[in-house]
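*Asks:* Below you will find the structure I want to go over with you.
The values are calculated or read from the model by the stated rules, or taken from the named source; none is laboratory data. Only a predicted model underlies this, so the values are computations on that prediction, with no experimental measurement involved. For neighbour counting, all protein chains shown are included, and Cβ atoms are generated from backbone atoms with ideal geometry for every residue, glycine included. Note: accessible area is taken over every heavy atom of the protein model, side chains too, but ligands, DNA and RNA are not part of it. Shrake-Rupley method; radii C 1.70, N 1.55, O 1.52, S 1.80 Å.
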Amino acid sequence: MEPLRVCIIGAGSISDMHFKSFAVNSDAVLYGVFDYSLERAETKALEYGISRVYKNIEEVYSDPNVDAVSICTWNNSHAEISVGALNAGKHVLVEKPLAMNVEEALKVEEAVRNSGKTLQVGFVRRFATNTKVLKAFADNGTLGDIYYAKASCLRRLGNPGGWFADKDRSGGGPLIDLGVHVIDVCWYLMGRPKVKSISGNVYSKLGNRGNVENLRFYKAADYQKDRNTVEDLANALIMFENGASLFVDVSFTLHAKQDEIGVKLYGTKGGAELEPELAIVREENNTIINIHPQIDHLTFDFANAFQNQIDSFVSSCITGTNPLAPVEDGVEMMKILAGIYEAADKRSEVTFA
């Protein structure tokens, strides 16, 4: 069996995980790299022993030796590059979000359908060990019917600036960058119910807070402390057709004592916390008990989850099996994100047919 020949498109910070994970997968080979900065692409090629550095995106599309692409570019190019690669007969792994809006997402879905190729969206938390364990419990009915979930990912200081803080390139702030992950993992564990309505708010009150000293946080390569066009905070109540609901709040910056992450689900037979650490709550013999699974990764381990994600993508491409994070889910998640921004803009509930 020939290995899957992969070209990485975009050599920014998130691409490091793509390069590292593909490099250790025995069924894949890092064949090429393209970045709008030729120097940056050449640096990655040298580091990973990659034979091809492309000067433009069309060279990637036209190279018959490229079986798949891994897209690590700004959000505003995800849909365009995905469609171009699919139309050229390539499999696609694309970082979240799938697109900048629902219209773009639907075009990607159409390209997947017409090409017959695999597209997997980078919902990396689905591939974490704690998520896989909890998903198995949920599917076996341990929690019963999950009717409420709550997700938070709050940074007290953590606007990365650069393209993350530029709405034209990112599509938004913490909602589209952080919220997409915690919303998706809740929705996935709830059984991916159809959305009925959304109420939401976004706030732009604090900016980058570039004046803060003595506290470090991640900054994009093109960070400028006074440039920011995205929200600081977003929250939403998402109602589903089956009567279940999901509340989410996410921030880049907030006057909070500390950063906070929490993913919780509540069902008719039990409850669970996925983050900050996996735990399951049940009733046995008329007594409430907390179950602590004995696994290597009780919390989200980025490297472990990312490797699982890459391995799953490679397997789907080679075997033709459906990916765990298919294009349809990327479209639905785009509807949710767009719905939150729309509800906040209109200051009224958004409903779905």
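*Asks:* Tell me the residue from 241, 231 that is under 26 Å from residue 347 (Cα atoms), surrounded by fewer than 21 Cβ atoms within 10 Å (Cβ to Cβ) and in contact (Cβ under 8 Å) with a residue 40 or more places away in the chain, please.
*Replies:* 241
*Asks:* Go through the residues of region 212-222 one by one and say whether even a single one is under 17 Å from residue 176 (Cα atoms) and open to solvent by less than 70 Å² (accessible area, probe 1.4 Å).
*Replies:* There is at least one residue in region 212-222 that is under 17 Å from residue 176 (Cα atoms) and open to solvent by less than 70 Å² (accessible area, probe 1.4 Å).
*Asks:* Select from region 8-24 the residues that are in a helix (DSSP H, G or I) and open to solvent by 10 Å² or more (accessible area, probe 1.4 Å) and list them in ascending order.
*Replies:* Of everything in region 8-24, those that are in a helix (DSSP H, G or I) and open to solvent by 10 Å² or more (accessible area, probe 1.4 Å) turn out to be 16, 17, 20, 23.
*Asks:* Related question: Just the residues that are closer than 20 Å to residue 309 by Cβ and part of a strand (DSSP E or B), please, taken from region 25-62.
*Replies:* If the condition is that a residue be closer than 20 Å to residue 309 by Cβ and part of a strand (DSSP E or B), then 28, 29, 30, 31, 33 are the ones that fit.
*Asks:* Among the residues of region 244-255 satisfying the criterion of being small (Gly, Ala, Ser) and more than 18 Å from the chain's Cα centre (by Cα), which is least open to solvent (accessible area, probe 1.4 Å)?
*Replies:* Going through the qualifying residues, I end up with 244.
*Asks:* Read through the list (1) in a loop (DSSP other than H, G, I, E, B); (2) under 24 Å from residue 134 (Cβ atoms), then give the number of the only condition that residue 217 fails.
*Replies:* The one condition residue 217 does not meet is (2).
*Asks:* Being in contact with a Cys (Cβ under 9 Å, 6 or more places away or on another chain), of a type in the set (Val, Ile, Thr) and open to solvent by 10 Å² or more (accessible area, probe 1.4 Å) is the requirement here; does residue 129 meet it?
*Replies:* no
*Asks:* Let me ask something additional. Taking only pairs six or more apart or across chains, which ones have beta-carbon atoms under 8 Å, a first residue in region 19-30 that is farther than 8 Å from residue 3 by Cβ and modelled with pLDDT of 95 or more, and a second residue that is crowded, with 20+ Cβ neighbours inside 10 Å and among the small types (Gly, Ala, Ser)?
*Replies:* Note: pairs meeting the criteria are 22/28; 22/70.
*Asks:* Pick out, from region 224-312, the strands (runs of 3 or more DSSP E) lying fully within it that include 3 or more residues that are at pLDDT 95 or above and in contact with an Asp or Glu (Cβ under 9 Å, 6 or more places away or on another chain).
*Replies:* 233-240, 260-267, 279-284
*Asks:* Collect the residues in region 182-207 that are surrounded by fewer than 22 Cβ atoms within 10 Å (Cβ to Cβ) and not in a loop (DSSP other than H, G, I, E, B), keeping them in residue-number order.
*Replies:* 188, 195, 196, 197, 199, 201, 202, 203
*Asks:* Please enumerate the residues belonging to region 298-321 that are touching a helix residue (DSSP H, G or I) at 6+ places or on another chain (Cβ under 8 Å), open to solvent by 50 Å² or more (accessible area, probe 1.4 Å), touching a residue at least 60 places away in the same chain (Cβ under 8 Å) and not charged (D, E, K, R).
*Replies:* Scanning region 298-321 gives 299, 302, 303.
*Asks:* Looking at residue 75, is it touching a Pro at 6+ places or on another chain (Cβ under 7 Å), buried (at least 17 other Cβ atoms within 10 Å of the Cβ), within 29 Å of residue 218 (Cα to Cα) and not hydrophobic (A, V, I, L, M, F, W, C)?
*Replies:* Yes, satisfied.
*Asks:* If you take the residues in region 25-42 that are among the polar types (S, T, N, Q) and either open to solvent by 50 Å² or more (accessible area, probe 1.4 Å) or in contact with an Asp or Glu (Cβ under 7 Å, 6 or more places away or on another chain) (or both), which one is nearest to residue 78 (Cα to Cα)?
*Replies:* 25
*Asks:* Looking at region 83-97, is at least one residue over 19 Å from residue 6 (Cβ atoms), among the hydrophobic types (A, V, I, L, M, F, W, C) and crowded, with 21+ Cβ neighbours inside 10 Å?
*Replies:* No, that holds for no residue.
*Asks:* Identify the residue in region 43-61 that is surrounded by 12 or more Cβ atoms within 10 Å (Cβ to Cβ) and basic (Lys, Arg) and, among all such residues, is nearest to residue 10 (Cα to Cα).
*Replies:* 44
*Asks:* Quick one: is residue 246 under 25 Å from residue 78 (Cα atoms) and in contact with a Cys (Cβ under 7 Å, 6 or more places away or on another chain)?
*Replies:* Spelling it out, it is not the case that residue 246 is under 25 Å from residue 78 (Cα atoms) and in contact with a Cys (Cβ under 7 Å, 6 or more places away or on another chain).
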